[in-house]
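Scroll down for the structure; my scribbles are underneath it.
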Amino acid sequence: MENKNVGFLILGISVLVIIIIFLFNNTLKEIVGASCGLEHSQSCPMFTSINQQTYLSLSIVGVLFIIGF
């Protein structure tokens with residue numbers, strides 16, 4: 001397989017992982033919103049950890065995306 005084709009394969013995998021990350025993030029926010037309640041949902045420490053996990057996973061995918069080029 002040529003290097004160009006491997007790069008396109010890595011880019012395609014990166015896009016799929018980004019989609020999975022956003023789907024997981026939305027589902028996790030719904031679960032946290034339901035478990036924390038309306039008045040406590042914005043100050044809940046789980047929201048902070050969700051944001052940290054999202055940024056960490058997107059940065060890992062960003063590195064993978066850069067390697068694809």
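The values are calculated or read from the model by the stated rules, or taken from the named source; none is laboratory data. What you are looking at is a predicted structure, and each value in this text was computed from that prediction instead of being measured. Areas reflect the complete protein model, heavy atoms only, side chains present, ligands, DNA and RNA absent. Shrake-Rupley method; radii C 1.70, N 1.55, O 1.52, S 1.80 Å.
Report the extension gain between ALA34 and GLU2 in nm, rounded to one decimal, defined as 0.36 nm multiplied by the number of residues separating them, less their alpha carbon distance.
6.7 nm is the gain from fully extending ALA34 to GLU2.
Give or take rounding to whole Å, what are the principal axis extents of the alpha carbon atoms in the chain, in descending order?
Answer, in whole Å and largest first: 55, 15, 9 Å.
Relative contact order of the chain: what whole-number percent is it, with Cα pairs under 8 angstrom and at least 6 residues apart?
59
Averaged per residue, what accessible area in Å² does the chain show with a 1.4 Å probe, protein chains only?
Each residue of the chain exposes 76 Å² on average to a 1.4 Å probe.
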